[in-house]
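First up is the structure itself, then whatever we jot down about it.
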Amino acid sequence: MPSAGLPKTVLVGLPELAVRESVHRIERALANLGYDRHPGRTVINLAPADLRKDAGGFDLPIALGLLVATGQLLPEQLREFATVGELALDGSVRPIKGALSMAMAAAERGIPKLLVPAANAREAAVVESVAVFAVGTLAEAVGVLSGQLPAEPVAPQIDELFARLNTYEVDFGDVRGQEFAKRALVVAAAGGHNVLMIGSPGTGKTMLARRLPTILPPLTPPESLETTRIYSAMGRLKPDEPLLATRPFRSPHHTISDAGMVGGGSTPAPGEISLAHHGVLFLDELPEFNRRSLEVLRQPLEEGHVTISRALASTTFPASFILVAAMNPCPCGYLGDSRHACKCAPMTIERYMGRISGPLLDRIDLHIEVPSVPSRNSRQRPTARAVPPCASRSAGRGRLQRHTIWAGEPPSQ
């Protein structure tokens, strides 16, 4: 609100550095576009006061608020609109993160119209209950609000996006051989089971894991919105893909921290398990991961979400995913491989396998062995042999039942 005093603009309400600097961007953008500035002291209050503000998307609404305060816009012209966008010094509107979340929040609060940067318009227009208007400059935003610039809301085109984007670059049918492992992944896809694949290097564990999303059921519209909302908040949506129509596949490196895995930071942000929501999280070389990074997975695997607690508040992120892990049977990787000799001592193998805790293994329903398949036999089914017992979750009671899976055909009775 404007008040008497020397010309100055003050921003209050726990703004972070990026928001505090917005005052200079906004004043220069208004001046470059020819708008008048209030001659006195102006105080801009960001509510609620106890929540830190850390985003460039406040620029456009603050600038429009200043125009209302100086009488260059009427308050009733903004009554039906929510606005978001970052301003450049020349008054152009730059894209921001989280446009989809803001459109969903506007819909929840009954706000019928949303003004967003042109680059974010298709992303926000996925929410059909809100009319999304795209603007490229502050002057365009003023024209749309005042009615001087005719504008039509961006069409959602959800069906068209699903039809265009619901394709995978890989296919489960590409895999030759490994009939037992493929059967286990089909079971995992049908029941939403977690899988641990144990095998020597080059047996196709990573290839199989990358193709698991292609045999999962297609994303439903609510699932797609939930997942897209996470990627939107992280700024990970591609410009030509405003909606996720395929199951996500995440494969973090084994050097990842526990905060990178489950989320965290001073302002909590989603981690890899949330980016894999409604998809697959693949952990290659499982024993090489930091012990703490693996142990933090135990609660999300059980509950389907993760809660990040800080001193002032707690944030809950969705994390319903299928965990697919792969590991070698020993440090050298060739234990039980007919083509290579294992050079590992028994104690070395025991220490290597002991890097993974029992409670985490109990949450992995299927433990399968992926044997090496000679290239000349890649189209043939491997011979039958028993592998260590695996655990499958009872659908009714959530208990673990032990049974034995056979590679290839089961032995005759």
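The values are calculated or read from the model by the stated rules, or taken from the named source; none is laboratory data. Since the model is a prediction, treat every value here as computed from it, not as a measurement. Glycine also receives a Cβ, built like all others from the backbone with ideal geometry; neighbour counts cover every protein chain displayed. Note: accessible area is taken over every heavy atom of the protein model, side chains too, but ligands, DNA and RNA are not part of it. Shrake-Rupley method; radii C 1.70, N 1.55, O 1.52, S 1.80 Å.
Structure notes:
- Contact annotation: residue pairs with Cβ atoms under 6 Å, 6 or more positions apart or on different chains, pairing a residue in the stretch 95-109 that is open to solvent by 30 Å² or more (accessible area, probe 1.4 Å) with a partner that is among the small types (G, A, S) and not in a loop (DSSP other than H, G, I, E, B), are P95/A119.
- One residue from R37, R28 being surrounded by fewer than 19 Cβ atoms within 10 Å (Cβ to Cβ) and either within 29 Å of the chain's Cα centre (by Cα) or in a helix (DSSP H, G or I) (or both): R28
- When the test is whether a residue is buried (at least 21 other Cβ atoms within 10 Å of the Cβ) and assigned to a loop (DSSP other than H, G, I, E, B), H277 passes it.
- Any hit, the stretch 57-69, residues being charged (D, E, K, R) and within 27 Å of V130 (Cα to Cα): yes
- In the set (1) within 30 Å of C342 (Cβ to Cβ); (2) within 13 Å of the chain's Cα centre (by Cα), M234 fails one condition alone, (1).
- Filtered residues of the stretch 302-317 (kept if surrounded by fewer than 19 Cβ atoms within 10 Å (Cβ to Cβ) and closer than 20 Å to G192 by Cα): E302, E303, G304, H305
- The residues listed here are R310, R351; of these, the one that is over 27 Å from L212 (Cβ atoms) and touching a residue at least 24 places away in the same chain (Cβ under 8 Å) is R310.
- Residue within the stretch 176-194 that is among the aliphatic types (A, V, I, L, M), assigned to a helix (DSSP H, G or I) and at pLDDT below 90 present: no
- Number of the condition not met by V132 [criteria: (1) of a type outside the set (K, R); (2) within 21 Å of S224 (Cα to Cα); (3) touching a residue at least 40 places away in the same chain (Cβ under 8 Å)]: (3)
- For the stretch 245-270, filtering for residues that are part of a loop (DSSP other than H, G, I, E, B), surrounded by 17 or more Cβ atoms within 10 Å (Cβ to Cβ) and out of contact with any Pro (no Cβ under 9 Å at 6 or more places or on another chain) leaves 2.
- The residue of the stretch 145-164 that is surrounded by the most Cβ atoms within 10 Å (Cβ to Cβ), among those that are closer than 18 Å to A106 by Cα and touching a strand residue (DSSP E or B) at 6+ places or on another chain (Cβ under 8 Å), is L145.
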